[in-house]
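Heads up: the structure comes next, in C-alpha cells.
Quick note: the coordinates plus some simple rules give every number you see, no bench work behind them. Every value quoted in this text rests on a predicted model; they were computed, and no experiment measured them. Cβ coordinates were reconstructed from backbone atoms using ideal geometry, including for glycine residues, and neighbour counts include every protein chain displayed.
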Amino acid sequence: MSGGTTAGKRLLLVAACALVDADGRVLLAQRPEGKQLAGLWEFPGGKVEPGETPEQCIIRELHEEIGIETDIPCLAPLTFASHSYDDFHLLMPLFICRRFRGIAQPREGQALKWVRPKQMRDYQMPPADAPLIPFLIDLL
C-alpha cells in the first residue's frame, strides 16, 4: 500500500477501461483544467454510482466522456489499482475492451490519444494509473 495509513479515509470506487484499437494501441484521456490532477493522462472511466456495477459504470462513462458504445460481454477484467491519496483511498478495477462502436471524441474538454503500451510511460499519469502499464505491455 502506498501513501501510509488509510484509517478514517473514505473508499472511492472508480472503474477504468483500457480501450484497445485494431493496431494494439490504448486510448488515454488527459484530465481537463479545473479537475483534480488536471493535465495528467488516464484511462477513461469514472466513479461507480450507487446501485451500479463497475461494468455498467464503464459503459456509461465511455458513452458520456468519449461517445463510445460497448456491451458488458466486451469488458474483460484485467487488473486493479489500490492507492491511498491524501484524503481518500482509491480502488480502481481496470477492464480491457477490444470490441466497441464509434470513434472516440472528447466530450468533456479533454485531450485523447491512442498510445502503444510501451510508450505510455512517456505520459504523466496519476499515481494509481501508472502501475497498471506493465499489465498492458505484457498483454499487448
message: Under 10 Å, Cα contacts only: if you run a Gaussian network model on the chain, which one of Gly34, Gly46, Gly102 comes out with the highest mean-square fluctuation?
response: Gly34
statement: In the neighbourhood of Asp129 defined by beta carbon distances under 12 Å, the net charge of the other residues (Lys, Arg +1; Asp, Glu -1) is +1
Sparse-neighbourhood loop sites, GluC sites (Glu not before Pro) in segment 40-140 - DSSP loop, at most 12 other Cβ within 10 angstrom: Glu108
message: Which residues among segment 65-88 fall inside the zone where the amide N is under 19 Å from a point 7 Å beyond the Cα of Arg101, along Cα→Cβ?
response: 65-76
- request: Quick one: dipole size for the chain, taken about the Cα centre, charges +1 on Lys/Arg Cβ and -1 on Asp/Glu Cβ, in debye to the nearest 20.
  value: 260
field: Segment Asp21-Ala111, extension gain: residue separation times 0.36 nm, minus the distance between their alpha carbons
entry: 30.7 nm
- prompt: Scattering from the C-alpha atoms of the chain alone, worked out with Debye: what is log10 I(q)/I(0) at q = 0.13, 0.14, 0.18, 0.21 1/Å?
  reply: -0.52, -0.61, -1.05, -1.44
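Restricting to DSSP H runs of at least four residues, report the calculated mean residue ellipticity at 222 nm for the chain, -39500 (n - 2.57) per run over all residues, nearest 500 deg cm²/dmol.
The per-residue figure over the chain is -4000 deg cm²/dmol.
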